[in-house]
Amino acid sequence: MKKIDQIPKTFEPSQEEAAIYSMWMEAGAFRAEAPSDKESFTIVMPPPNITGELHMGHALDNTLQDILIRWRRMQGFEALWMPGTDHASIATEARIVEEMSKEGISKEAIGREKFLKRAWEWKEKYGSRIISQLKKLGSSCDWERERFTMDEGCSHAVREVFVRLYEKGLIYRGERIINWCTQCKTSISDAEVEFEEKDAAFYHLRYPLADGSGYLELATTRPETMLGDTAVAVHPEDERYANLVGKNVVLPIVNKEIPVIADTYVEMDFGTGVVKITPAHDPNDFEVGLRHDLPVVTVIDEKGVMNELAGRYQGMTIMECRKAIVKDLEEQGFLVKTEPMKHNVGSCYRCGTVIEPRVSLQWFVKMKPLAEPAIEAVKKGDTRFVPERFEKVYYHWLENIRDWCISRQLWWGHRIPAWYCEDCGETIVSRKDPTECPKCGSKHLHQDEDTLDTWFSSALWPFSTMGWPAQTPELEYFYPTDTLVTGYDIIFFWVVRMMFSGLEHTGKAPFRTVFIHGLVRDAQGRKMSKSLGNGIDPLEIIEKYGADALRFTLATGNSPGNDMRFTDEKVEASRNFANKIWNAARFILMNIGDNPVELCLPDMLEMEDKWIVSRFNSLTAEITDNLEKFELGIAVQKLYDFIWDNFCDWYIELCKARLQGENAAGARQVLVYVMTGMLKLLHPFMPFITEEIWQTIPHEGETLMKSEWPKYDAFLNFPAEEKEMERIMEAIRAIRNRRAEMNVPPSKKTPVYIETAFKPTFERGAVFFERLAWARSVDVGENFEMDGAVSIITADATIKIPMEELVDKQAESARLSREKEDVQKQLDGVMARLNNQAFVSKAPQKVVEAARENAARLKEKLVLLEQSLSAFG
Ligand SMILES: [Zn+2]
Ligand SMILES: [Zn+2]
């Protein structure tokens with residue numbers, strides 16, 4: 001135990017937190033063993049990207065996880081928090097390409113092998129940065145188990161999953177329309193497209209009928225794609241066009257005949273009920289094309305430039321071509337009109353470039369058979385969402401899911417384990433790299449150039465990190481995991497994919513609860529973003545206020561699924577709270593001095609002891625219950641109120657008299673008992689300062705973080721004493737308020753007469769009135785006759801204090817008279833204006849209204865002053 005003079009006056013997080021973290025690491029306090037006699041509790045960390053630096057989103061996500069894991073660990077669970085990082089193929093590759101371009105090198109110039117060498121070097125250099133930042137936050141992960149989505153084990157799991165799904169016919173390669181980013185030059189999945197409503201133009205065109213009998217009118221937002229039209233379509237039940245189905249129209253500019261087809265995809269009452277069909281450049285048209293066996297004519301290349309099939313528009317960008325073609329259509333009489341409209345445009349989530357639907361040869365996962373069990377698992381309640389409303393988002397995504405395009409035209413990632421035979425064209429997918437074609441024996445094989453979507457490996461994270469496909473003790477003991485903590489923005493990116501992958505490959509849903517949190521917004525409620533420059537760096541906050549203050553702030557604002565606002569004032573309040581506890585601890589240590597303290601409650605408890613012990617006991621039950629329900633924000637608010645108000649502002653004050661008397665040992669015991677309990681309840685939220693204080697005050701055991709979570713104890717429930725103390729506290733509060741209203745200085749002590757039906761209670765509490773209500777003497781009775789007394793009434797007592805004891809009658813009466821005159825003068829002025837017809841009719845409504853309100857306020861004040869004055873009469 002440290003001596004009081006060794007303890008600094010304030011807690012300096014920037015100096016202490018790192019040392020405390022090292023102490024935990026050295027003690028192996030984050031380690032979770034498999035198997036163990038205890039019950040397991042597991043959280044897998046959503047792996048941050050190796051390109052990442054800790055932002056507020058991470059800080060919130062990981063604070064919530066650490067709160068849950070520390071709490072469960074203290075409850076006696078074998079608690080594993082599995083950490084790791086994600087290779088983030090598209091983001092990382094973009095960063096490396098960018099870095100290389102500064103040196104004037106392109107990835108094509110150095111080739112795949114050298115590029116990957118660079119990528120690994122980059123990973124070694126920056127991949128650990130975010131991990132060290134997570135440590136600063138206090139994250140109690142089992143770092144010995146840290147994983148990486150491209151490490152040997154995870155790569156093995158990826159290969160196994162690919163081969164299994166391929167063998168089951170759930171992975172296939174085909175020509176399909178996919179989302180293409182012309183900037184990143186890769187396909188991206190539906191989940192990675194961000195839609196936003198933008199201003200667009202709607203071009204009404206006319207296509208002449210081939211037999212010269214007239215024309216069909218239709219409208220499009222993308223006139224340049226008409227070069228790739230291979231049909232126009234109408235609804236089969238649309239009587240207006242029934243006789244035209246089967247005829248041909250002449251495609252303007254191209255001068256090619258294309259058929260009029262009937263398909264239910266067309267909405268009869270939208271526009272003219274006729275649509276152009278461009279299978280190569282629109283996902284819906286692609287489906288129509290499949291149904292009607294239409295040719296696919298691609299006119300835009302992978303860079304977003306018009307290709308050789310675009311005729312004289314070849315070489316133009318999409319926008320250049322659009323302009324040119326609209327002009328030509330107009331000149332040739334095919335443009336009917338142009339009208340502005342709002343249009344949903346999809347952009348790449350990485351770079352913001354408008355997505356080009358594009359037909360190409362890609363690898364896909366067949367989703368329908370995988371989606372069904374994932375929907376079922378939530379319907380059955382194997383996995384639940386907190387808050388429940390996010391189940392809808394989950395169902396919606398899975399019910400409308402299309403096949404997942406998993407191939408990416410990138411180098412950084414898991415290369416697709418498929419080989420092609422150059423002699424017979426056979427495709428070989430296998431667990432081991434093949435050396436010859438199983439069909440023709442040829443040795444001329446080459447591997448697919450593409451890599452897998454990043455989410456293909458992160459989808460396996462809950463079980464690949466446990467050693468799957470091997471049946472390891474970890475997988476047996478820690479899987480399925482308990483709680484997944486994540487933001488609502490990645491339910492479909494990640495949660496959905498982990499769900500169906502877990503069910504498909506392990507037969508079990510990967511987690512019991514998905515705890516969804518919102519975003520951290522700035523003080524004005526705006527999303528933090530680079531472009532707005534309103535991001536708050538959590539590392540700066542940690543540096544300035546400490547990780548505890550940051551964590552406490554993030555937890556305080558948390559309610560499941562909802563966004564929160566982050567302000568400096570809130571962090572300051574959290575830091576002040578930390579200081580308050582620090583000061584309380586110093587007070588306790590000062591009063592312990594060299595005396596030994598027994599680490600239990602004393603045999604004899606006073607009324608105030610029973611009050612605080614009983615309050616603490618119920619707090620324990622409440623906080624535990626709140627945590628079980630993921631109500632972290634409510635839990636932390638209750639803790640704050642108890643520690644600040646009940647313990648620091650009341651109990652410590654109530655104890656002060658005893659600490660100087662005969663009975664000090666008991667008071668010291670209760671102080672240490674409640675302080676220790678509070679530190680335990682607060683530990684998951686503020687791990688550093690609680691550990692530091694616990695190490696300083698009398699304690700048993702090695703660390704607070706490994707100590708036992710307090711349990712509700714029916715023997716420590718003292719409702720009668722709680723009620724008694726509340727009666728006394730209410731009366732003390734009332735006296736303090738009245739004295740403040742009357743400007744009575746604290747030095748002025750008065751006799752206090754208490755009329756009450758609860759005589760014994762108030763007699764026992766007399767000492768508190770002396771210390772906390774500046775009572776010179778306390779008399780408790782049923783009826784005190786006195787003139788000119790100030791009466792203070794509470795639910796259980798009437799307190800009387802002789803007026804002349806509170807104030808100097810003459811001086812006060814003079815002061816009140818002066819104030820009365822002053823208020824009267826002000827009122828006269830306002831009334832003069834209000835009685836002036838010109839003012840009332842000409843001044844702005846607001847000004848008149850304000851004057852009326854002011855007059856009413858002054859009148860009220862005058863009445864109060866008159867009442868006070870008459871009391872001296
Ligand atoms: Zn992009
Ligand atoms: Zn072959």
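Sort 826-834, 66-74 for me by packing, meaning the mean count of neighbouring Cβ atoms within 10 Å per residue, highest on top.
66-74, 826-834
Any chance you could list P(r) for the range 304-367, counting all Cα-Cα pairs in 10 angstrom bins from zero, rounded to whole %?
Reading upward from the zero bin: 16, 33, 36, 13, 3.
Taking the C-alpha atoms of the range 404-476, how large are the radius of gyration and the largest Cα-Cα span, Dmax, in Å?
15.4, 46
The range 789-859: D in µm²/s via Stokes-Einstein (Kirkwood Rh, Cα pairs, 4 °C, 1.567 mPa s)?
84
Which GluC sites (Glu not before Pro) in the range 1-103 sit in a loop by DSSP (not H, G, I, E or B) and have at most 10 other Cβ atoms within 10 Å of their own Cβ?
For GluC sites (Glu not before Pro) across the range 1-103 that sit outside H, G, I, E and B with at most 10 neighbouring Cβ atoms in 10 Å, the list reads Glu103.
Can you give the alpha-carbon Rg of the range 618-695 over 2.2 N^0.38 Å, where N counts its residues?
Computed over Cα atoms of the range 618-695, the ratio equals 1.21.
Would you give the gap between the C-alpha center of the range 390-434 and the C-alpha center of the range 439-503, rounded to a whole Å?
12
Please quote Rg/Rh for the range 566-662 to two decimal places, taking the Kirkwood radius as Rh and restricting both calculations to Cα atoms.
1.02
Taking the inverse of the average 1/r across all pairs of different Cα atoms in the range 130-213, what Kirkwood radius in Å do you get? Provide the component values of the computation, followed by the final result.
Numbers: mean 1/r = 0.0514 Å⁻¹.
Taking the inverse mean of 1/r over all distinct Cα pairs, the range 130-213 comes out at 19.4 Å.
Given Cα positions, please report Rg to Rh for the range 407-561, the hydrodynamic radius being the Kirkwood one.
1.14
Kindly give the semi-axes, whole Å and largest first, of the ellipsoid equivalent to the range 724-850, taking each as the square root of 5 times a Cα gyration tensor eigenvalue.
Numbers: eigenvalues 369, 61, 30 Å².
Calculated on Cα positions only, the semi-axes equal 43, 18, 12 Å.
Over all directions, what mean area does the Cα convex hull of the range 218-306 project, stated in square nanometres?
5.6
Using the Karplus curve 6.51 cos²θ - 1.76 cosθ + 1.60 with θ = phi - 60°, work out ³J(HN,Hα) for each residue of the range 509-516 in order, rounded to whole Hz, and write x for Gly and Pro.
5, x, 8, 7, 9, 10, 9, 9
Would you mind getting the Kirkwood hydrodynamic radius of the range 267-356 from its Cα pairs, rounded to one decimal in Å?
15.3
So how tilted is helix 607-628 from the main axis of the chain? Cα-based, degrees 0 to 90, rounded to 10.
10
Give me the tail of P(r) for the range 70-146 as a percent: Cα-Cα pairs with distance above 14 Å. Kindly include the intermediate steps, with their values, before the conclusion.
Values: 2050 of 2926 pairs.
Of all Cα-Cα pairs in the range 70-146, 70 percent lie more than 14 Å apart.
Taking only the C-alpha atoms, wrap a convex hull around the range 556-607 and report its volume per residue in Å³ as a whole number.
Numbers: hull volume 8.3 nm³, N = 52.
Taking only Cα atoms, the range 556-607 has a hull volume of 160 Å³ per residue.
Report, by chain and number, residues whose modeled amide H sits under 5 Å from the one on Asp403, excluding near sequence neighbours (fewer than 5 apart, same chain).
Amide H neighbours of Asp403: Met367.
What is the spread of the Cα atoms of the range 691-765 along each of their three principal axes, largest first, in whole Å?
Taking max minus min along each principal axis of the Cα atoms, the range 691-765 gives 51, 31, 18 Å.
Note down the Stokes-Einstein diffusion coefficient of the range 599-738 in µm²/s, whole number, using a Kirkwood radius over alpha carbon pairs, 25 °C, and 0.890 mPa s.
Numbers: Rh = 15.9 Å.
The Stokes-Einstein estimate is 155 µm²/s.
Under 16 Å Cα to Cα from Lys342, which lysines show up? Leave out anything in the same chain fewer than 8 places away.
Partners found: Lys198.
In whole Å, how far is the Cα centre of the range 77-148 from that of the range 601-667?
First find each Cα centre; the distance between them is then 47 Å.
Using only the alpha-carbon atoms, what does the range 179-259 span along each of its principal axes? Please give whole angstrom values in decreasing order.
For the range 179-259, the Cα spread along each principal axis is 46, 28, 23 Å.
Any idea what the relative contact order of the range 134-289 is, in percent, if you count C-alpha pairs under 8 Å spaced at least 6 apart?
Computed value for the range 134-289: 18 percent relative contact order.
Calculate the translational D of the range 667-712 in whole µm² s⁻¹ from Stokes-Einstein, where the hydrodynamic radius comes from the Kirkwood formula applied to all Cα pairs, the temperature is 10 °C and the viscosity 1.306 mPa s.
Calculated translational D: 150 µm²/s.
Just the number: Rg to Rh for the range 105-175, Cα atoms, Kirkwood Rh, two decimals.
Answer for the range 105-175: 1.12.
How are the alpha carbon pair distances in the range 777-818 distributed across 5 Å bins from zero to the largest one, expressed in percent?
The distribution over the range 777-818 is 5, 18, 25, 22, 12, 10, 7, 1, given as percents.
Provide, as a two-decimal number, the C-alpha radius of gyration of the range 135-278 over 2.2 N^0.38 Å, N being how many residues it has.
Its radius of gyration relative to the 2.2 N^0.38 Å reference: 1.69.
Using only the Cα atoms, what convex hull volume per residue in Å³ does the range 827-873 have?
Working: hull volume 2.4 nm³, N = 47.
For the range 827-873, the hull spanned by Cα atoms encloses 52 Å³ per residue.
Can you tell me the convex hull volume per residue for the chain, based on C-alpha atoms, in Å³ to the nearest whole number?
Convex hull of Cα atoms, per residue: 265 Å³.
At a probe radius of 1.4 Å, what is the per-residue accessible area of His396, in Å² to the nearest 10?
Approximately 110 Å² for this residue.
Quick one: what are the phi-derived ³J(HN,Hα) couplings along the range 725-736, Karplus 6.51/-1.76/1.60 with θ = phi - 60°, whole Hz, x for glycine and proline?
Ordered by residue, 3J(HN,Hα) equals 5, 5, 4, 5, 5, 4, 5, 5, 4, 5, 5, 4 Hz.
Of the trypsin sites (Lys or Arg not before Pro) in the range 735-802, which ones lie in a loop per DSSP and count no more than 15 other C-beta atoms within 10 Å? Could the numbers behind the result be given before it?
Numbers: sites: Arg736, Arg738, Arg739, Lys748, Lys749, Arg764, Arg771, Arg776, Lys800; in loops: Lys748, Lys749.
Here the trypsin sites (Lys or Arg not before Pro) that fit, given the DSSP loop and packing criteria, are Lys748, Lys749.
Kindly provide log₁₀ I(q)/I(0) values, in the same order as q = 0.15, 0.19, 0.22 Å⁻¹, from the Debye equation applied to equal alpha-carbon scatterers of the range 10-89.
Log-scaled intensity ratios, in q order: -0.70, -1.02, -1.18.
Are there GluC sites (Glu not before Pro) in the range 419-504 that DSSP puts in a loop and that have at most 12 other Cβ atoms within 10 Å, and which ones?
Glu449
In Å, what Kirkwood hydrodynamic radius results for the range 1-158 from the alpha-carbon pair distances?
For the range 1-158, inverting the mean 1/r across all distinct Cα pairs yields 18.2 Å.
The values are calculated or read from the model by the stated rules, or taken from the named source; none is laboratory data. These numbers come from a predicted model, not from an experiment. Virtual Cβ from ideal backbone geometry, glycine too; neighbours counted across all protein chains shown. The area values use the complete protein model at the heavy-atom level, side chains included, leaving out ligands, DNA and RNA. Shrake-Rupley method; radii C 1.70, N 1.55, O 1.52, S 1.80 Å.
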